[in-house]
Amino acid sequence: MIKLICVGKIKEKYLNDAINEYRKRLSKYTKLDIIELPDSSYNEIDKVKNMEGKLILKHLKENDNVIVLDINGQELSSVELTDKLCSQEVINSNLTFIIGGSYGLSDEVKKRANYSISFSKLTFPHQLFRVMLLEQIYRTYKIRNNENYHK
């Protein structure tokens, strides 16, 4: 099972359409649970990260295998990501991915993570990044099953 915890709501229809498409594609391989949490309304960065962090931690179970998306995480190719997720699933088949808010993740959430991944040093819109992550998870299943998709 894949659980995706995200801070922020998807507002654009075309992004919701893309998310629903990848949800449909992934249903062949795994159950997908997406949890959307509200953005914090505080003005101070540390308060925002701490409030969002508390909300995120409330949705984690003790045995969750947590992978955070963080700009300081390890950058992987799609094949390397497949290998990493396969090795993480050996530890626990329930993978929980966390996408923080616009200021990133609290230290508490980062400490709770089993692994940290970065897609790039570039900055992406959070709403678009959710689609990108789902596409890469889908690509991982296609690579793992030697199915034609990854080039």
task: Give the angle, between 0 and 90 degrees and rounded to the nearest 10, that separates the Cα long axis of helix 13-26 from the longest principal axis of the Cα atoms of the chain.
output: 50
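Dipole magnitude of the chain about its Cα centre, charges +1 at Lys/Arg Cβ and -1 at Asp/Glu Cβ only, in debye to the nearest 20? Display every interim value, and only then the final one.
Values: 24 positive and 20 negative charges, 80 e Å.
The calculation lands at about 380 debye.
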query: Mind checking which of Lys47, Lys111, Lys11 has the largest fluctuation in a GNM of the chain, springs on alpha carbons under 10 Å?
result: Lys11
- line: Links exceeding 22 Å between C-alpha atoms in this model, out of Lys47/Lys110; Lys111/Lys142; Lys3/Lys142, come to Lys111/Lys142
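Let's see if you can work this out: charge +1 on each Lys and Arg Cβ, -1 on each Asp and Glu Cβ, no other charges. What is the dipole magnitude of the range 74-151 about its Cα centre, in debye to the nearest 20? Kindly include the intermediate steps, with their values, before the conclusion.
Details: 10 positive and 8 negative charges, 18 e Å.
I would put it at about 80 debye.
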Which of Ile137, Asn114, Asn20, positive extreme of dipole for the chain (C-beta unit charges): Asn20
- line: Most fluctuating of Ser120, Ser78, Ser41 in the GNM of the chain (C-alpha, under 10 Å) is Ser41
3J(HN,Hα) from dihedral phi, the range 30-35, Karplus parametrisation 6.51/-1.76/1.60, rounded to Hz, x for glycine, proline: 7, 7, 10, 10, 10, 10
message: I'd like the orientation of helix 126-144 relative to the chain: the angle between its Cα long axis and the longest Cα principal axis, in ° from 0 to 90, rounded to 10.
response: 30
- request: May I ask for the angle, rounded to the nearest 10°, between helix 45-58 and the longest principal axis of the chain, with both axes built from Cα atoms and the value confined to 0 to 90°?
  value: 50
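Taken together, the values in this text are just the output of simple stated rules run on the coordinates, not laboratory data. As the structure is a prediction and not an experimental result, all values here were calculated from the model. Cβ atoms come from the backbone with ideal geometry, glycine included; neighbour counts cover every protein chain shown.
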